Amino acid sequence: MVGRIHHWPIRIYYEDTDSGGVVYHSNYLKFMERARTEWLRDFKIDQKALKDNLNLMFVVHEIDIKFTRPAVFNNEIEVQTKLEKLGSVKIELEQKIFRSSEILIESRVVVASVNSISMKPMRIPNEIKLLMENE
């Protein structure tokens, strides 16, 4: 199942960079996390409500990332998120970061649905899956 591409723009601030003005590598993970949250919001999925009402959280289970080019202070970049697979417990996403048409980061992220109390795998509710499948 391949979904539409969600676009989330970011400007690089000085606080995102190291002393050389290059984005510090772990900040790309933060950018991608924020983009996944915005991707869920596009489906009207509220992560706080999922946790409060269903004891459900989405957590990163696996991530593969390839750093190709750096972003630097004041760049305008975009995180693109695309649904690749939707299972009963796991969601596989492709996330890429671009500066204009230049690719900076390529990643594959597997997110798992877990019970927020036991931290054990939990089936993704059908109503959530339907929202994602009918994008």
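The values are calculated or read from the model by the stated rules, or taken from the named source; none is laboratory data. Given the structure is predicted, the values throughout are model-derived calculations rather than measurements. Note that each Cβ is placed from the backbone with ideal geometry, even for glycine, and that neighbours are counted across all protein chains shown. Ligands, DNA and RNA are excluded from the accessible area calculation, which covers all protein heavy atoms including side chains. Shrake-Rupley method; radii C 1.70, N 1.55, O 1.52, S 1.80 Å.
Structure data summary
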{"item": "Checking N53 against (1) part of a loop (DSSP other than H, G, I, E, B); (2) over 20 Å from N134 (Cβ atoms), the condition it does not meet", "result": "(1)"}
{"item": "Index of the failed condition, K44 passing every other in (1) touching a residue at least 60 places away in the same chain (Cβ under 8 Å); (2) under 15 Å from the mean Cα position of the chain (by Cα); (3) more than 17 Å from I10 (Cα to Cα)", "result": "(2)"}
{"item": "Residues of the range 75-119 satisfying the condition of being among the polar types (S, T, N, Q) and either closer than 17 Å to K30 by Cα or in a loop (DSSP other than H, G, I, E, B) (or both)", "result": "N75, Q80, T81, S88, Q95, S100, S101, S107, S116, S118"}
{"item": "Tally, over the range 120-134, of residues that are open to solvent by less than 100 Å² (accessible area, probe 1.4 Å) and either touching a Gly at 6+ places or on another chain (Cβ under 7 Å) or in a helix (DSSP H, G or I) (or both)", "result": "6"}
{"item": "Of all residues making up the range 6-46, the number that are of a type outside the set (S, T, N, Q) and part of a loop (DSSP other than H, G, I, E, B)", "result": "10"}
{"item": "Residue match in the range 73-86 (condition: under 30 Å from Y14 (Cα atoms), loosely packed, with under 13 Cβ neighbours inside 10 Å and at pLDDT 95 or above)", "result": "yes"}
{"item": "From I124, I91, I105, I117, residue being within 22 Å of P9 (Cα to Cα) and of a type in the set (V, I, T)", "result": "I105"}
{"item": "Number of positions in the range 58-72 that are in a strand (DSSP E or B) and either free of Cβ contacts under 8 Å to residues at least 24 places away in the same chain or among the charged types (D, E, K, R) (or both)", "result": "3"}
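So that you can scan it fast, the table gives a plain yes or no per residue for (1) in contact with an Asp or Glu (Cβ under 6 Å, 6 or more places away or on another chain); (2) aromatic (F, W, Y); (3) closer than 16 Å to H6 by Cβ:
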{"residue": "V22", "(1), (2), (3)": "no, no, no"}
{"residue": "F31", "(1), (2), (3)": "no, yes, yes"}
{"residue": "D52", "(1), (2), (3)": "no, no, no"}
{"residue": "F58", "(1), (2), (3)": "no, yes, yes"}
{"residue": "T68", "(1), (2), (3)": "no, no, no"}
{"residue": "E84", "(1), (2), (3)": "yes, no, yes"}
{"residue": "G87", "(1), (2), (3)": "no, no, no"}
{"residue": "E92", "(1), (2), (3)": "yes, no, yes"}
{"residue": "V111", "(1), (2), (3)": "no, no, yes"}
